[in-house]
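> The structure's right below; bear with me while I get my questions together.
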Amino acid sequence: MRAYRLIPKWLRRYRRQWLFSDLTAALVSGMLLVPQGLAYALLAGLPPHVGLYASLVPLIAYAVFGSSTAMAIGPAAVLSLMTVSALTPLAAIGSPEYVGAAIILTLLSGAFLFAMGLLKMGALSNLLSHPVISGFVSGAAALIIVGQIPALLGIKVDGETASVKLLHIIEHLPEAHLLPMAFGITAALILIVSRIWLPMTLFRLGAPKQVARLTARLVPMLLVLCAIALVHQFKLEDKLEVIGEIPAGLPNIVLPDWNWSLIYRLLLPALIIALLTFVESLSIAQAVAARRGERLDADGELLGLGAANITSSLSGGLPVAGSFSRTAVNAEAGAASPLAGVMAGLMMIPVLLYLTGVFSALPLTVLAAIIIVAAASLFDYSGFIHNWRYDRTDGIAMFCTFAGVILFGVEAGIALGIGLSFATLIWRSSRPHIAVVGRVPGTEHFRNVLRHNVETQKDILFLRIDESLFFSNISAVEDRLLSELKRHPDTRDLVLILSSVSRIDGTALERLHQINKDLRSRDIRLHMAEVKSPVLDRLSRSKLLEKLTGRIFLSSYIAELALRHGEDEPPPTTETT
């Protein structure tokens, strides 16, 4: 019975009729694994076969713990960029030390993810706001594009930041080689056309919409094969920079060299990669689950992603995460369970055993085109406009994160993004919305006097506080109370409507004591209305209710009736909500 519990839930409930759909999805998404694995490994500064290794065992490991039926795990452009950013200061790109550091970085990020899953820390997905994530991903996409332009044009440039590298690219443009540039630009144009117009064209020619989309997504693999064929046909190996020899064979289990000094230096980058891996992958999985009406286990996703990265490190791979493009292909192809991912990973076995020689002639300029077009799809053009129009704070946070990545690099950009997420939260909570309200004629409802036609009482002031009260916003609340009392000099009863207040901390409680005392000296009674029961329970353990000059009312309407007619009400603690 215990052994049965070790079997993943999806496998226990597996249905025979799902097999064909999973096999079809595996064949289609597996075709994308080869060009993307090769491309993203090079982007990370690692040998190309490392990307193929990362497309095998990690997919199987994720299926054991993960809960998404269609999410495709593997190398990702943003993670590759973060990897090269973290490792470049530590070792020369492509050196054995660099590869060893990449293994440790992947292992640490996987360990962080798995530990967070064991500790049920799925709520960490809310650590970064969506605008900040979009700003970071857009900035990373711009970095990736700028970083791949030299390979596309066949030139060599230096520069740590995107702005510096872009200036160097402009300076070296006259040195661009015609043949690599022709190959690269042609490949990029083919990929762009296939994304934008090919699905629509095939659909108009009578192909089913799903088939049209899937065909368009397979163009990168077809492009790779065509480029290899052209290199062989016209003997272009000496005129184009190609991938070169890819070792055949399956990955060996590689135990990292425990360099504690290196591990210490990689802890922070690994944690950042782990958080971004989880947030991005979970957003992809949630989008698929929402469309399919499925439930997602955030803690299971942490375990699955952690296991995938740990096994990737042991098999000599690089950090892996959910892929936007492959997940879309997987879902469109009808993946019914994680078995599709397992079979897609198993497809790497014949590739690694028998087909590595084929891909050795793949031009780097074609891989650069694939990376550039893939990165361009990550850029959230509409997000900047939407966030700026909807909430300027979110818009500023998104733009600043984007600019931080572009100007200062990946780690500085993500650190700025995390800081902006917390700063935005603190800024908003420290400026609570407070409204003067009145009663809508003929009803018991109270609404903002600035937005509705309401009735108010000359000597009764109703203020609705739309935020919990704590140390960072209680001063703003107090200032607003005083300013409203100046505007309403005839006030004799001040009613605080606390329907939106879920907590009052110790600092806010002390200030309420002081406000109550100050109002008593001005012959103004302080009342509360619509107080939530948990808040009232806490207040009952303090002395505020005993010293309160006014009463606590079940509703604003009852408060108005009682105060307007001067009715004698029971003690405050008897009325709760």
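No lab work stands behind these numbers, since they all come straight from the coordinates. Remember, it's a predicted structure, so these values are computed and weren't measured experimentally. Neighbour counts run over all protein chains shown; Cβ positions are idealised from the backbone, glycine included.
> Taking the Cβ of each residue in 503, 13 as the centre, tally the other Cβ atoms inside 10 Å and list the residues starting with the fewest. Intermediate values should be presented prior to the final figure.
Working: 503 13, 13 9.
Going from least to most buried by this count: 13, 503.
> Still on this structure, I have one more. Collect residues whose amide H, placed 1.01 Å from N in the peptide plane, falls under 5 Å from the amide H of residue 67; neighbours closer than 5 in sequence don't count.
Counting only residues 5 or more places away or on other chains, the set is 297, 301.
> Something else: Treating cross-link reach as a plain straight distance, find the lysines whose alpha-carbon is under 28 Å from the alpha-carbon of residue 235, omitting any fewer than eight places away in the same chain.
Within the straight-line limit of under 28 Å, residue 235 reaches these lysines: 156.
> Continuing with the same structure: Which ³J(HN,Hα) values, rounded to whole Hz and listed in residue order, are derived for the range 66-77 from phi using the Karplus coefficients 6.51, -1.76 and 1.60 in 6.51 cos²θ - 1.76 cosθ + 1.60 with θ = phi - 60°, glycine and proline given as x?
For the range 66-77, the Karplus curve yields x, 10, 7, 7, 10, 5, 9, 9, x, x, 9, 4 Hz.
> Ok, one more. May I ask you to derive the FRET efficiency for residue 393 and residue 234 from their Cβ-Cβ distance with R0 = 56 Å, giving the value to the nearest 0.05?
Computed FRET efficiency for residue 393 and residue 234: 0.50.
> Which ³J(HN,Hα) values, rounded to whole Hz and listed in residue order, are derived for the range 188-203 from phi using the Karplus coefficients 6.51, -1.76 and 1.60 in 6.51 cos²θ - 1.76 cosθ + 1.60 with θ = phi - 60°, glycine and proline given as x?
Whole-Hz 3J(HN,Hα) from phi for the range 188-203: 4, 5, 4, 5, 5, 4, 5, 6, 8, 10, 4, x, 5, 5, 5, 5.
> Expressed in nm to one decimal, what extension gain is obtained for the pair residue 492 and residue 203 from 0.36 nm per residue of sequence separation less their Cα-Cα distance?
Extra length available between residue 492 and residue 203 comes to 96.8 nm.
> Moving on to the next point. Show me, for the range 28-34, the HN-Hα J-couplings you get by feeding each phi into the Karplus relation (A = 6.51, B = -1.76, C = 1.60, θ = phi - 60°), rounded to Hz, glycine and proline as x.
6, 5, x, 5, 7, 5, 5
> What does the C-alpha gyration tensor say about the overall shape of the range 168-252? Classify as rounded when a/c is under 1.5, otherwise prolate if a/b is larger than b/c, or oblate. Please list the in-between numbers first.
Numbers: a/c = 2.37, a/b = 1.42, b/c = 1.67.
Cα axes put the range 168-252 in the oblate bin.
> Something else now. Run the numbers for residue 349 and residue 7: contour at 0.36 nm per residue of separation, minus the present Cα-Cα distance, in nm.
That works out to 120.7 nm of additional length.
> Before anything else, pin down the relative contact order of the range 420-545: Cα pairs under 8 Å, at least 6 apart, normalised by residue count, whole percent.
Worked out over the range 420-545, it gives 23 percent.
> When every alpha-carbon pair in the chain is counted, what percent end up more than 36 Å apart?
Numbers: 78829 of 166176 pairs.
For the chain, the share of Cα pairs beyond 36 Å comes to 47 percent.
> Considering only DSSP beta bridges with both partners in the range 434-574, what is the antiparallel share in %, to the nearest 5?
40
> Further question: Using Cβ counts within 10 Å as a stand-in for footprinting exposure, how do 194, 85, 429, 312 rank, fewest first?
429, 194, 85, 312
> Apply the a/c threshold of 1.5 to the C-alpha gyration tensor of the range 434-574 and tell me whether it is rounded, prolate or oblate. It would help to have the intermediate numbers written out before the result.
Values: a/c = 1.38, a/b = 1.28, b/c = 1.08.
Verdict is rounded for the range 434-574.
> Using a Förster distance of 22 angstrom, determine the FRET efficiency expected from the C-beta separation of residue 245 and residue 185, and round it to 0.05.
0.25
> So how far apart, in nm, are the two label points at residue 130 and residue 173 if each is 7 Å from Cα heading toward Cβ?
Roughly 3.8 nm, to one decimal.
> Can you list the aspartates and glutamates whose alpha carbon sits under 18 Å from that of residue 165, skipping same-chain ones fewer than 8 residues off?
Straight-distance partners of residue 165: 175, 411.
> What nm value, rounded to one decimal, do you get for the distance between residue 458 and residue 484 when each label is placed 7 Å out toward the C-beta?
2.0
> Moving to a separate point now. Pull up the cross-link candidates among the lysines for residue 517, meaning alpha carbon to alpha carbon under 25 Å and not fewer than 8 places away within one chain.
458, 486, 532, 543, 547
> Same structure, new question: Rounded to the nearest 0.05, what FRET efficiency is calculated for residue 517 and residue 476 with R0 set to 25 Å and r the Cβ-Cβ distance?
So the FRET efficiency works out to roughly 0.80.
> Using label points projected 7 Å from each Cα along Cα→Cβ, tell me how many nm separate residue 118 and residue 451, to one decimal.
About 4.8 nm, to one decimal.
> In the chain, what % of DSSP beta bridges are antiparallel (nearest 5)?
Expressed as a percentage, antiparallel bridges in the chain total about 50.
> Nearest 500 deg cm²/dmol is fine: what mean residue ellipticity at 222 nm does the chain get from its DSSP H runs of n ≥ 4 alone, each adding -39,500 (n - 2.57), divided by its residue count?
-19500 deg cm²/dmol
> Taking the mean number of other Cβ atoms within 10 Å as a proxy for protection, how do you rank 248-260, 384-396, 141-153 from highest to lowest?
Descending mean neighbour count gives 141-153, 384-396, 248-260.
> With a ≥ b ≥ c the root eigenvalues of the C-alpha gyration tensor of the range 88-197, is it rounded (a/c under 1.5), prolate (a/b larger than b/c) or oblate?
It is prolate, given that a/c is not under 1.5 and a/b is the larger ratio.
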